[in-house]
Amino acid sequence: MSTMTVPPAPQQKIVDLNVQLMCPDCKLVPPNISEEFSSGDLVCADCGLVLGDRIVDTRSEWRTFANDEGDDPSRVGSAANPLLNGPQLDTVISQRDGGSGAARELNRTHGRVTAVKGERNLLQAYKDISAMCEAIGLPKLIADIAKQLFKRVEDEKLLRGKPNESIIAACIFIACRQEGVPRTFKEICTLTQVPKKEIGRCFKALNDAFHETKVQTMTSEDLMARFCSNLGLNMEIQKAAVELTKKAKEIGTLAGKSPVSIAAACIYMASTLYKEDRNTRDISVVCGVSEVTIKNAYKHLYNERARLVDERITAKLIDNLPSP
């Protein structure tokens, strides 16, 4: 029998993917290149040709004395978050490993081991505050203040036994009041799904505890701009509604009424004066008060219309007011 010879397998070509930087003038191997961190340039040490600029300095950010202090802290960590506890110098394992899933399990296990007590609740509360503030269009400043208030409540144990949802709602409510963009209790209730009474209890407790924190009282003028904008009313009607509110307070026409009810009734009266009619149903949806409340407040305004409306400007427009 004849034996068959197996041809040798062809050798696979291996491509060298290493990138070697070389001076185009000198072309020396190996190249003599120096890094000048003071100027941020990559320079050929033989001819002085600049091969690159804006290089990253990988050395230490400060002078260290490793013999005295032990390990050399050559690199710094990420910026410390004042809203979290602990040194915050942990190393995080990446979840990307090509799809095997092992890195994800390692990341989860490492997170459980290195998690600071109570930090997980804080992180979840901060996420909820950011999401809720974004949902109603509040700026980042309001979210940051609400997070600081929540952190202080947790550190000082001010509301023991209260659920986090109620504390978050009260913190957002107080933050809005502090920065002059108040929201009503009903708006916070709709946002956080927390009962109005629970928010009121937490708010009162925090307001008594934060003596140095000034929580301004909500007025009808503070709500007027937002309500008029949502109703699509122009600036002239908004100014007229604000003037009606001020005069009604001076005369005492709507004494005892809530700021929301006063704002809704004045907006209804001002829009009718300028023939930009908005029915009570639309105003009720935007302001969050019932139509009956708006009509009752408007009845008081209508009875004092001669004293409330400036005759020099709107003498001909008083007749446009409908009778309650």
Measure of size requested: the Rg and Dmax of region 104-175, with Cα atoms as the atom set and Å as the unit; please supply both. 13.8, 40
So how exposed is PHE185, as accessible area in Å² (1.4 Å probe, rounded to 10)? 50
Of LYS140/LYS249; LYS157/LYS204; LYS127/LYS162; LYS162/LYS186, which ones are farther than 22 Å apart at the Cα? LYS140/LYS249
Largest to smallest principal axis extent of the C-alpha atoms in region 116-236, angstrom: 54, 27, 24
Among PHE203, GLY232, ALA146, the residue whose Cα sits farthest towards the positive end of the charge dipole of region 133-252, when +1 is placed on the Cβ of each Lys and Arg and -1 on the Cβ of each Asp and Glu, is PHE203
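The values are calculated or read from the model by the stated rules, or taken from the named source; none is laboratory data. Remember, it's a predicted structure, so these values are computed and weren't measured experimentally. All Cβ positions, even for glycine, are placed from backbone atoms using ideal geometry, and neighbour counts span all protein chains on display. With ligands, DNA and RNA removed, areas are computed over all heavy atoms of the protein, side chains included. Shrake-Rupley method; radii C 1.70, N 1.55, O 1.52, S 1.80 Å.
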